[in-house]
Amino acid sequence: MDELIREMITPARRSSLDTGRRSRLTATALTVGLAAIGVTSLTTGALFTDTDTVSSSDFTTGTVDISPAMSSTHTLGATNMAPGDVQFGSVPVDNAGSLELRYSVSVQGTNLDAPDLAGEFQLAVYAGVPEAACNAAGVAALTPIASTSGVPTTLTPLVGDPATGADAGDRVLASGANESLCVSVGLPLATGDTFQNTRASVALTFDAEQTANN
Ligand SMILES: [Ca+2]
């Protein structure tokens, strides 16, 4: 009995026991930590996402020559553009999936000739505009949800941000819902003669992700 009491109060032995407990605690904490990291990675890696790209037909500048007014269409693209012209294109966005999604739009210009015509474009995006109203008068009283003076030739976020999670400007669409974006592309009056008879195209990339648990 005395030996048992001695054993219980011997500092050396108590220290040894505590060390063992601390090791186990450390190991347990490490295990929990690793498990937490694993769960985080799993959540991030398992999101449902989708990407789609809408490309314009070419925007082509014209030479200085009086010609009949171009017809108004709702596709992006124009021929014979002159400085001061603004083209409008309606881009319907549908959520054809079964989950609510949020999406962002990135833009990229491609120059088909040497001058940086894409860099001249003034692009704006309006939301909630029916296709029939996607024109100068239809958007006159609206504030664009995004705009850029000069379309970059590298893919650049325009509306929201394709980064995972909710970002400022991201658009949310319920399953089965849709909205129409109206995109305008203008050539400033100050565009110089070096841009006569040149071509560029503009592509909009849509990145969508689930909003559930994200
Ligand atoms: Ca985002």
Exclusive hit being under 18 Å from residue 77 (Cβ atoms) and within 16 Å of the ligand (Cβ to nearest atom), set 105, 91: 105
Would you mind stating whether residue 212 is surrounded by fewer than 14 Cβ atoms within 10 Å (Cβ to Cβ) and in contact with a Leu (Cβ under 7 Å, 6 or more places away or on another chain)? yes
Scan the stretch 141-153 residue by residue and report those that are closer than 12 Å to residue 124 by Cβ and either away from the ligand (no atom under 16 Å from the Cβ) or touching a Gly at 6+ places or on another chain (Cβ under 6 Å) (or both). 142, 143, 144, 147, 148, 149, 151
For the stretch 101-128, pairs from a residue that is more than 18 Å from residue 159 (Cβ to Cβ) and in a loop (DSSP other than H, G, I, E, B) to a residue that is away from the ligand (no atom under 16 Å from the Cβ) and charged (D, E, K, R), with Cβ under 8 Å and 6 or more apart or across chains, are 112/58; 112/199; 113/199; 117/199
Only one residue in 156, 164 is of a type in the set (Ser, Thr, Tyr), touching a strand residue (DSSP E or B) at 6+ places or on another chain (Cβ under 7 Å), within 25 Å of residue 99 (Cα to Cα) and within 16 Å of the ligand (Cβ to nearest atom), so which one is that? 164
Go through the stretch 104-133 and give me each residue that's surrounded by fewer than 21 Cβ atoms within 10 Å (Cβ to Cβ) and of a type in the set (Ser, Thr, Tyr). 110
Residue 84 assigned by TED's automatic domain parsing to the domain that holds residue 169, loosely packed, with under 15 Cβ neighbours inside 10 Å and closer than 22 Å to residue 187 by Cα: yes
Within the stretch 151-190, take every residue that is among the hydroxyl-bearing types (Ser, Thr, Tyr) and either surrounded by fewer than 16 Cβ atoms within 10 Å (Cβ to Cβ) or modelled with pLDDT of 95 or more (or both) and give me the one that is farthest from residue 84 (Cα to Cα). 175
Restricting attention to the stretch 178-209, report how many residues are farther than 14 Å from residue 110 by Cα, of a type in the set (S, T, N, Q) and in contact with a Leu (Cβ under 8 Å, 6 or more places away or on another chain). 1
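The values are calculated or read from the model by the stated rules, or taken from the named source; none is laboratory data. Everything quoted here is computed from the prediction, not taken from an experiment. As a convention, Cβ positions derive from the backbone with ideal geometry for all residues, glycine included, and neighbour counts pool all protein chains shown.
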